[in-house]
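Contents: one structure, followed by commentary.
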Amino acid sequence: MNSKILEKLNQKSTNLIEEVKALRSFLIGILGRDKEGEYKPEFVRKVLRAARKKAVFTFKGRKDFLEQIKKK
């Protein structure tokens with residue numbers, strides 16, 4: 001095979017790989033939808049980041065919980 005044919009095949013395979021990536025992303029987006037709706041990626045990152053942090057407050061009952069809310 002000469003270099004022109006190899007270059008053409010390489011370009012076509014690169015295009016095909018990009019199309020497969022796009023289709024895969026589309027399918028995951030369709031199949032991975034939540035019944036409640038879609039979540040903003042920024043919100044998901046924020047919630048996951050907050051979940052990793054140590055809790056700032058501990059509540060020992062209803063009154064304690066209400067007092068902490070009133071302080072804010």
Once both label points are put 7 Å beyond Cα along the C-beta direction, the Lys8-Lys54 separation in nm becomes 6.6 nm
Pseudo-spin-label distance Phe43 to Ile28, built 7 Å along Cα→Cβ, given in nm, is 2.1 nm
extent check for the stretch 3-71: Cα max minus min per principal axis, descending, whole Å, gives 77, 27, 16
Once both label points are put 7 Å beyond Cα along the C-beta direction, the Asn15-Lys71 separation in nm becomes 6.4 nm
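Here, each number is a calculation from the coordinates, and none is a lab measurement. Source: prediction; values computed, not measured. As a convention, Cβ positions derive from the backbone with ideal geometry for all residues, glycine included, and neighbour counts pool all protein chains shown.
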